[in-house]
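Participant: First the structure, which I've put down as structure tokens, then a few questions once you've had a look.
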Amino acid sequence: SPASVLNQSQGGAYVHNLFVGKVEIAPDLERETPFLRPHSTEIAGLSNSPGGDHRFLNNIFSTSPLITTSEPEEIEFLGNIYLNGATPPFDSDQELTVSDDGTAHRLQLNPEGSAMLTLRTDANWTANTRRKFISTDSLGKTKISGLAFDNPDESSLEVAQDYQGNIRNRENPFPGPFECAQAEEVFAIV
């Protein structure tokens, strides 16, 4: 898809993704949206969405994120990798921009409807960059609702496994959907 995310809300967390299409964070000040009580459908209040309070952690981007929110300082980009000329939306020494020939990822559609994703990774993506292990503690609380990112039973959330069920490195997790210890090509049916 040419678009991965169009977000006109508040308080999101995007962790360990591969964003191939456009990522846009924009305000919606004209509409008040309900926010809910913890793990419930009961409305706790209403708020418009200036478009801030998001976390983009340990992702891979192959297009530059577009931030048009009125609160860009409330959006955190940490531990991400940028390929194919993509650049971070803000200056940060926590982000890694990698020169790439455009072949780092490929999606092949199969006639029966499944798809095969190939992602070429690089061990250097973790050599000089330390990334946070993602958990309830590292994600913090949302600004409007004041709620933590946790499991439905209110226990601590941990992004301890990758897309294929492999255990994430707690000391320095690999960016994107696959935990890799070295340069390799990862294949996944999606």
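Participant: Report, in deg cm²/dmol and to the nearest 500, the calculated mean residue ellipticity at 222 nm for the chain, where each DSSP H run with n ≥ 4 adds -39500 (n - 2.57) and the sum is divided by the residue count.
Facilitator: Taken over the chain, the calculation gives -500 deg cm²/dmol.
Participant: At q = 0.13, 0.15, 0.23 Å⁻¹, what base-10 log of I(q)/I(0) does the Debye formula yield for region 1-96 when every alpha carbon is treated as an equal point scatterer in vacuo?
Facilitator: Rounded to two decimals, the profile gives -0.47, -0.61, -1.16.
Participant: Still on this structure: How far is it, in nm, from the label point at Ser1 to the one at Ser135 when both lie 7 Å from their Cα along the line to the Cβ?
Facilitator: 3.2 nm
Participant: Still on this structure, I have one more. Can you order the peptides 40-48, 19-27 by their average number of other Cβ atoms within 10 Å per residue, highest first?
Facilitator: 19-27, 40-48
Participant: Still on this structure: If you take every DSSP beta bridge fully contained in region 1-114, what fraction is antiparallel? Give it as a percent rounded to 5.
Facilitator: Once the DSSP bridges in region 1-114 are tallied, antiparallel ones form about 20 percent.
Participant: Going out from 0 in 5 Å bins, what whole percent of all Cα-Cα distances in region 70-123 drops into each bin?
Facilitator: Going out from 0 Å in 5 Å bins, region 70-123 shows 4, 15, 20, 17, 15, 11, 10, 5, 2 percent.
Participant: Next up: Over all pairs of distinct alpha carbons, what does the Kirkwood formula give as the hydrodynamic radius of the chain, in Å?
Facilitator: Here the Kirkwood hydrodynamic radius works out to 17.7 Å.
Participant: Same structure, new question: P(r) for region 137-179, please, calculated from all Cα pair distances in 10 Å bins and given in %.
Facilitator: Using 10 Å bins, I get a P(r) of 26, 41, 30, 4 for region 137-179.
Participant: Let me ask something else. Order 3-10, 123-130 from most to least packed using the mean count of other Cβ atoms within 10 Å.
Facilitator: 3-10, 123-130
Participant: Once you have the Kirkwood Rh of region 97-177 from its Cα pairs, apply Stokes-Einstein at 4 °C and 1.567 mPa s and quote D in µm²/s.
Facilitator: 83 µm²/s
Participant: Another one. Express in nm, to one decimal, how much length is gained between Glu30 and Arg120 on full extension, taking 0.36 nm for each residue of separation and deducting their alpha carbon distance.
Facilitator: 28.2 nm
Participant: Which residues does the label zone of Thr41 cover in region 7-25, counting backbone N under 11 Å from a point 7 Å along Cα→Cβ?
Facilitator: The answer is none.
Participant: Here's something else I'd like to know. With each label point set 7 Å from Cα along the Cα-Cβ vector, what nm distance links Asp153 and Asp91?
Facilitator: 4.7 nm
Throughout, read-outs are computed from the coordinates displayed, never taken from laboratory work. All figures in this text were calculated on a predicted structure; none of them were measured in a lab. All Cβ positions, glycine included, derive from the backbone under ideal geometry; neighbour counts span all protein chains shown.
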